[in-house]
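Student: Quick one: the structure is below, and I'll ask about it shortly.
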Amino acid sequence: MDTVNKYNSKFIRQLVKENAVHRDIYVDPTIFQLEIEKIFSQAWIYIGHESQIPETGCYVRSRIADREIILVRDTEEKVRVLLNKCPHRGSSICRSRTGQVKMFRCPYHNWSFRPNGTLLNIPHLEGYGPKFDMENSAYAMTSIPRVESYRGFVFASLAADGPDLVDYLGPMTLPLDNITDRSPSGLLKLVKGTFRQSYRGNWKFHMENANDLVHPVRVHESAIDAARLVSGSSQISDQDPAPVQMMKSNGIPFSRWDDVGVHGFPQGHCYMGSFYTEGTISSSREDPVFRTYKDLLVNRLGHERTEEVLSMERYNNLIYPNLSINASFQQIRVIRPVTVDRTIVESGCFELIGAPKEMLHTSIQFLSAVNSPASLISSDDLEIFDRCQAGLKVDGIDWLDLSRGMGQDILGENGEKTAKGTSELPLRTQLNSWLSYMTAEN
Ligand code: FES
Ligand SMILES: [Fe+2]
């Protein structure tokens, strides 16, 4: 059977059953290429936040599907996404991750481009003869066809057609609204110094793990034990440093994880409830810094809306296929697939502009404790993803079970399904969406 025929919709459909998934979807390089084509080149993919490009010429290098791109603010203040590729001979143009330019200059033959991508100058122009047209779009850096921003979060799609961003996000506009509305000025700023970690495993492992509430007690056992040891107690206390409280919270029993709950939507988006329900990391904290912050928020939003914003207990909001938002601690995580067995995780946090500086310190503390390369939490998870990849790439076990909590979902509005926290509902939700993208006729 040749490759083209083998990877047809019928074949792909057979890889995901209601209660199990075939290991091929994590280890087969051809399936990974199909994912790049049918998911990451079709869906709206998060590129960056507008606060990263506050002025004309500010740019950030990023990725969409298998392409390098540049998010840039042009001279008309418009946010653009350009391919990081010279139209002359194909060299990449930008090497720095971020910066500010008057023009982009190719390192090969020095063609230069305005921040909107149009051609500005060519050395030895006379060599091209009098008919050479500088305005010809073939000589401009390529613009990504669709770029939209929601509350400052910039997404792009390589597909010329498709749903607009708000329709695509559907119920997941809520966490983006919530994280933004937590700012007393209504403005967020991405803190410089995003962490980038890579692991030797498939990109889906990270998304599937984020709302898997049975894993923490085992995978993060050493961190839980260490936290209990340094504080001398397993109880969560206001006296513990915040990271200790966070790590202890991972050790709650399954009955409490069940109460946290998990949720999934037909678009593949998922979220879980909050498990930080005690101590100074809970939404009911009442310390002086938080009271000052709350007063500032009330000035802008009023009492009722402030209570509504601060009481939203949604954690690890997963926007399919690769974005995770934690509004309560202003965290963002983006999963960038590189190859079938290599993935980069970018993690950062936002400053709530106008809030007391201590609020920013809490966010940075959270980022360091949970998402940094030195974190006791993310290092555990990445180690497990490496192990899963190593295990799945060899023959032996072909079908991976997905049945935990199956048949117990409660159906709500907008197709939202809710289940006990220990259910694998989020995993099944993501794989259903995976199947829809992978079998769609584009
Ligand atoms: S490849 Fe860019 S100027 Fe020649
Ligand atoms: Fe984990």
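Student: Only one of 80, 23 is touching a helix residue (DSSP H, G or I) at 6+ places or on another chain (Cβ under 8 Å) and either of a type in the set (A, V, I, L, M, F, W, C) or in contact (Cβ under 8 Å) with a residue 60 or more places away in the chain (or both). Can you tell me which?
Tutor: Exactly one of 80, 23 is touching a helix residue (DSSP H, G or I) at 6+ places or on another chain (Cβ under 8 Å) and either of a type in the set (A, V, I, L, M, F, W, C) or in contact (Cβ under 8 Å) with a residue 60 or more places away in the chain (or both), namely 23.
Student: Might you let me know whether the stretch 157-172 holds any residue that is β-branched (Val, Ile, Thr) and either assigned by TED's automatic domain parsing to the domain that holds residue 401 or within 16 Å of ligand 1 (Cβ to nearest atom) (or both)?
Tutor: no
Student: From the list 210, 242, 227, exactly one residue is surrounded by fewer than 20 Cβ atoms within 10 Å (Cβ to Cβ) and away from ligand 1 (no atom under 16 Å from the Cβ). Which is it?
Tutor: Residue meeting the stated conditions: 242.
Student: So in the stretch 300-318, with the set limited to residues that are in contact with a Pro (Cβ under 8 Å, 6 or more places away or on another chain) and modelled with pLDDT of 95 or more, which one is surrounded by the fewest Cβ atoms within 10 Å (Cβ to Cβ)?
Tutor: Within the stretch 300-318, the match that is surrounded by the fewest Cβ atoms within 10 Å (Cβ to Cβ) is 300.
Student: Can you confirm whether residue 219 is assigned by TED's automatic domain parsing to the domain that holds residue 333 and away from ligand 2 (no atom under 16 Å from the Cβ)?
Tutor: Answer is no for this residue.
Student: Could I ask something else about it? Can you tell me which residue among 415, 354, 421 is assigned by TED's automatic domain parsing to the domain that holds residue 248, within 14 Å of ligand 2 (Cβ to nearest atom), touching a residue at least 24 places away in the same chain (Cβ under 8 Å) and not aliphatic (A, V, I, L, M)?
Tutor: Going through 415, 354, 421 in turn, the sole match is 421.
Student: Find all pairs meeting these conditions: Cβ atoms under 6 angstrom apart; at least six residues apart or on different chains; first residue within the stretch 240-267 and assigned by TED's automatic domain parsing to the domain that holds residue 369 and among the charged types (D, E, K, R); second residue crowded, with 22+ Cβ neighbours inside 10 Å and in a helix (DSSP H, G or I).
Tutor: 248/227
Student: On the basis of being closer than 19 Å to residue 318 by Cα and surrounded by fewer than 18 Cβ atoms within 10 Å (Cβ to Cβ), does residue 266 make the cut?
Tutor: Criteria met by residue 266.
Student: Taking the residues in the stretch 62-119 that are acidic (Asp, Glu) and part of a loop (DSSP other than H, G, I, E, B) as candidates, determine which candidate is farthest from ligand 1 (Cβ to nearest atom).
Tutor: Step by step, filter the stretch 62-119, then rank; the result is 77.
Student: Out of curiosity, is residue 161 more than 16 Å from ligand 2 (Cβ to nearest atom), outside any strand (DSSP E or B) and under 24 Å from the mean Cα position of the chain (by Cα)?
Tutor: yes
Student: Consider only pairs whose beta carbons are under 8 Å apart and that are at least six residues apart or on different chains; among these, list those whose first residue lies in the stretch 146-171 and is farther than 23 Å from residue 83 by Cβ and whose second residue is in a loop (DSSP other than H, G, I, E, B) and charged (D, E, K, R).
Tutor: Listed pairs, sorted by first residue: 171/416.
Student: Of all residues in the stretch 94-117 being surrounded by 12 or more Cβ atoms within 10 Å (Cβ to Cβ) and among the basic types (Lys, Arg), which is nearest to residue 56 (Cα to Cα)?
Tutor: 102
Student: How many residues does the stretch 339-357 contain that are more than 17 Å from the chain's Cα centre (by Cα) and either at pLDDT below 95 or farther than 19 Å from residue 179 by Cβ (or both)?
Tutor: 3
The values are calculated or read from the model by the stated rules, or taken from the named source; none is laboratory data. Being a predicted model, the structure only gives us computed values, none of them experimental. Note that each Cβ is placed from the backbone with ideal geometry, even for glycine, and that neighbours are counted across all protein chains shown.
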